[in-house]
């Protein structure tokens, strides 16, 4: 597995990101800023994300505790491009199941918030964010290891 440096903004301690062939980013144990960054699969969107537990910024979600994902989304090709809709989901590929809850998505200027996320068990969770600009839907995805 190739490990790539994480590009992030903000202050604090977070987790690093590495890439695996066709698997999205994988969380590693290297300290990094709280904001994590990923490029969508076709390169059209730059997505920065962070975890909120209540109103507090957290490095990672806590197993069996609800959390929110705060998303900052910007086009890599056209700064005027607008996000029309966002869908957020997560699953555990090794266990062939997803979350037991569906998050509520709120669009905000420059991004979205997914409230009510819940990783109900430890292991590798794959997070998928589908970004819809009204013409195409493109996915950004990454992995979070919960142990």
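A short reminder: the numbers here are calculations on the coordinates, not readings from a lab. Remember, predicted model here, so these are calculated numbers, not experimental data. As a convention, Cβ positions derive from the backbone with ideal geometry for all residues, glycine included, and neighbour counts pool all protein chains shown.
Given points 7 Å out from each Cα along the Cα-Cβ axis, report the residue 145 to residue 72 separation in nanometres with one decimal.
In this crude label model, residue 145 to residue 72 measures out at 2.7 nm.
Taking 22 Å as R0, compute the FRET efficiency from the Cβ-Cβ separation of residue 115 and residue 138 and round it to 0.05.
Once the sixth-power term is evaluated, E becomes 0.45.
Quick one: 83, 63, 135, 88, fewest Cβ neighbours within 10 Å first, how do they rank?
135, 63, 83, 88
Neighbour counts of other C-beta atoms within 10 Å: give me 77, 65, 50 arranged from fewest to most.
Taking fewest neighbouring Cβ atoms as first place, the list is 77, 65, 50.
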